[in-house]
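Worksheet for the structure shown next.
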Amino acid sequence: MVYSDFTLHSEDISVNLNYRTAALAISAVSLLAGCSKAPTAEHEEVRPVRTLVVGQSNGTVGASYSGDIRARYESQLGFRTSGKVVARLVDVGAHVKRGQPLMQLDAAQESLQLAASGADVDAAQGRVAQARVDVARTQTLLQRQFASQAELDHQVLALQQADAQLRAAMAHQQLSANQRGFTVLVADRDGVVSALHAEAGQVVGAGQSVVTLAADGEREVAISIPESRVDELRKARELQVAVWAHPGETWSGKLRELAPDTDSVTRTYSARITIENPDPALLRLGMTASVFAPDVDGKSAIRLPLTAIVDKDGKRLVWLVDGKSQRVAAREVQVGSAQNDSVLVTGGLSGGETVVTAGVHQLQPNQLVRLVPAAGGAK
């Protein structure tokens, strides 16, 4: 009985081992079948990019300079004599006519000098009259042999001296009268009072500027030019002037004056741009203005966004897209001046190429790309 139980138990163990062996065999076959399958094909990555078809244009990247509206002629007016200001007859911004009084000095001292010079003239006239009487009396005495020729010559010389003193006294009187008139400052031309540098009660010297007068007529834009753009501005064939207060309005300009030396503080060259046919109602003094100089050197060139340029190993590259294969290739270019977000390409492109302008840093040679339309194309 014991032997039979042992036999049955041995049979169970043998069956379990057979099942396990079969399961291991099936797993091994499955594993080998899985390894024998062909590998899955990898999909090529397609990069979305924005592009631009380039074209030739004339000139460099346009430059813009900020300035303000000025009058062509600005007079720094001052008194021709010294004294105390007793009246200011105009305000800043007032429009005045030629000869209109602007300021007045205390004329008490000049009035006294004029009175003194008048008295000198009266005295000189008396001496001349006395000398003429003496000459006439001496001539009569000489005819009667009661006087000599020497006495007559002496009287004639005294008359000439008295006459010269009279002319000097009259000239001094005229000078005093002029000084009296110089106590009133008048406008030398029609214009606008742009600044006042003295007030009533202030003592000013002769020649000291007290009023700035901007003449009517021509208007200009005063700007500052960096040294790297001086030659370009001189060669500019066209200048455009715009003011911040009137967007959309532009005027033609012309370079009238360019300083020969730089400003000691800003290290820039001062320039004056004359506005052709200015509208006085729109262009007021002091307005903020911009001067734009487009296409100043006249050379054939291509403009590209700065985002299209790639710096690699000291070279400037752009990515070109083949129209048939939609794959990219790098090309070295030569760049010129840059302005805002544009750069001038002076070599390496002939026009008509499709250049990648966005996504350039993620590209590889011969990579497949997908063109994404831009919101607005660059010219």
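The values are calculated or read from the model by the stated rules, or taken from the named source; none is laboratory data. Predicted, not measured: the structure shown is a model, and the values here were computed from it. Here Cβ is always computed from backbone atoms with ideal geometry, including for glycine, and neighbour counts include all displayed protein chains.
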Residue 157 passes all but one of (1) part of a helix (DSSP H, G or I); (2) aliphatic (A, V, I, L, M); (3) assigned by TED's automatic domain parsing to the domain that holds residue 93; which number fails? (3)
Of the residues in the stretch 71-96, those that are touching a residue at least 60 places away in the same chain (Cβ under 8 Å), assigned to a loop (DSSP other than H, G, I, E, B) and either of a type outside the set (Lys, Arg) or surrounded by 15 or more Cβ atoms within 10 Å (Cβ to Cβ) (or both) come to 72, 73, 79, 81, 82, 90, 91, 92, 93, 94
Of all residues in the stretch 313-338, which are more than 18 Å from residue 51 (Cα to Cα) and touching a residue at least 12 places away in the same chain (Cβ under 8 Å)? 315, 334, 335, 336, 337, 338
Considering only residues that are crowded, with 17+ Cβ neighbours inside 10 Å and basic (Lys, Arg), which ones fall in the stretch 218-272? 219, 229, 272
Suppose we filter 298, 323, 376, 351 for residues that are touching a helix residue (DSSP H, G or I) at 6+ places or on another chain (Cβ under 9 Å), of a type in the set (Gly, Ala, Ser), at pLDDT below 85 and in a loop (DSSP other than H, G, I, E, B); which single one remains? 298
Note: among 149, 145, just one is at pLDDT below 90 and over 59 Å from the mean Cα position of the chain (by Cα), namely 145
Does residue 284 count as in contact (Cβ under 8 Å) with a residue 40 or more places away in the chain, surrounded by fewer than 17 Cβ atoms within 10 Å (Cβ to Cβ) and not assigned by TED's automatic domain parsing to the domain that holds residue 360? yes
Would you confirm whether any residue within the stretch 168-186 is over 30 Å from residue 120 (Cβ atoms), surrounded by 14 or more Cβ atoms within 10 Å (Cβ to Cβ) and among the hydroxyl-bearing types (Ser, Thr, Tyr)? no
Taking the conditions exactly as written (farther than 30 Å from residue 182 by Cα and not in a helix (DSSP H, G or I)), does residue 99 satisfy them or not? no
Those residues of the stretch 249-286 which are under 28 Å from residue 93 (Cα atoms), aliphatic (A, V, I, L, M) and not in a loop (DSSP other than H, G, I, E, B) amount to 255, 271, 273, 275
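I need the strands (runs of 3 or more DSSP E) fully contained in the stretch 169-226, keeping only those with at least 3 residues that are closer than 25 Å to residue 273 by Cα.
The strands (runs of 3 or more DSSP E) meeting that bar are 191-196, 209-215, 219-225.
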Mind checking whether some residue in the stretch 22-42 is modelled with pLDDT under 50, among the hydroxyl-bearing types (Ser, Thr, Tyr) and either more than 30 Å from residue 237 (Cα to Cα) or not assigned by TED's automatic domain parsing to the domain that holds residue 276 (or both)? yes
